[in-house]
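S.K.: Next up is a structure, given as structure tokens.
The values are calculated or read from the model by the stated rules, or taken from the named source; none is laboratory data. Here the structure is a predicted model, which is why all the values come from computation and not from measurement. When we count neighbours, we look across all protein chains shown, and the Cβ atoms used for this are built from the backbone with ideal geometry, even at glycine. Keep in mind that these areas ignore ligands, DNA and RNA; they rest on the heavy atoms of the full protein, side chains included. Shrake-Rupley method; radii C 1.70, N 1.55, O 1.52, S 1.80 Å.
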Amino acid sequence: MMTKQTKRAIVVGASSGIGQEVAKRLIGQGWTVGVGARRVERMQDMGAAAVERIDVTSSEAPEALERLIRQTGGMDLFFYASGIGKQNRELGEDIELATMQTNGVGFTRMIGAAYRFFARQGHGHIAAITSIAGTKGLGPAPAYSATKAMQNVYLQALEQLANSRGLDIRFTDIRPGFVDTALLSGDEHYPMMLRPEKVADEIITAINGCRHIRVIDWRYRILTALWRRVPRWVWRKIKL
């Protein structure tokens, strides 16, 4: 059990939405929190111990993370909330490649950096927001659902790797449904929209409980359980 003095968290993607809400809750629980994102100005008044500009698509992002860890005084929890997503029914190349760069390469870059830090330290907890979109390939958002499936499998693989090496690194894969944040702003209609505050509360519960996977909320747990049972030949005929 961590003491208050050793509860140090880094939140990447803390400039808005779920990441910001989670950072605020960790600070409220007595954690020493360092925050990072591209938009530094949006993190200045959060009460964080340290603030760092981190662009996960940049090759320099791991060095920025190391600076943030030092400024925070260490890291026991790494919470990752960065990502982009957009419906792309016309399969625009720029949207697909940007999604792959952020959700694929950026995710791998930052989760890998956190894993290596915890491997050197000997312990830690990696929690990341993925999505229910990784459950099945979603026609309206091909790159988004593909990268979310990749994230699910990557965390699972690292969990196995850490266990095989005898490392005390815990993992929490957080899979929300549609959340009312800037990520889903626009003209599209999304059913069963969740409030970021409610999602953040469930995330904190999952982190404190060291959950391996947490689908948010109960309606999406039912939905994804049903999705998994749909045969491929039926799924490809469904119009979303």
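S.K.: Is it the case that A128 is small (G, A, S), modelled with pLDDT of 95 or more, buried (at least 18 other Cβ atoms within 10 Å of the Cβ) and part of a strand (DSSP E or B)?
M.R.: So A128 passes the test.
S.K.: Determine which member of the set V35, V11 is more than 19 Å from R170 (Cβ to Cβ), within 16 Å of the chain's Cα centre (by Cα) and not in a helix (DSSP H, G or I).
M.R.: V35
S.K.: Within region 47-104, count every residue that is open to solvent by less than 80 Å² (accessible area, probe 1.4 Å) and of a type in the set (K, R).
M.R.: Residues meeting the conditions: 0.
S.K.: Out of region 59-116, which residues are of a type in the set (D, E) and either out of contact with any Lys or Arg (no Cβ under 7 Å at 6 or more places or on another chain) or in a helix (DSSP H, G or I) (or both)?
M.R.: The answer is E60, E63, E66, E90, E93, D94, E96.
S.K.: Now for a different question. Which of (1) more than 19 Å from the chain's Cα centre (by Cα); (2) at pLDDT below 95 is the odd one out, the single condition R165 does not satisfy?
M.R.: Result: R165 fails condition (2) only.
S.K.: Related question: Do you know which residues across region 12-32 are more than 11 Å from A81 (Cα to Cα) and either among the charged types (D, E, K, R) or out of contact with any Gly (no Cβ under 8 Å at 6 or more places or on another chain) (or both)?
M.R.: Within region 12-32, K24, R25, L26, G28, Q29, G30, W31 meet the criteria.
S.K.: On to the next question. Show the residue pairs meeting these rules: Cβ distance below 8 Å; 6+ apart or different chains; first residue within region 224-240 and closer than 15 Å to R175 by Cβ and in contact (Cβ under 8 Å) with a residue 60 or more places away in the chain; second residue surrounded by 10 or more Cβ atoms within 10 Å (Cβ to Cβ) and β-branched (V, I, T).
M.R.: T224/I132; T224/T135; T224/V215; W227/T135; R228/T135
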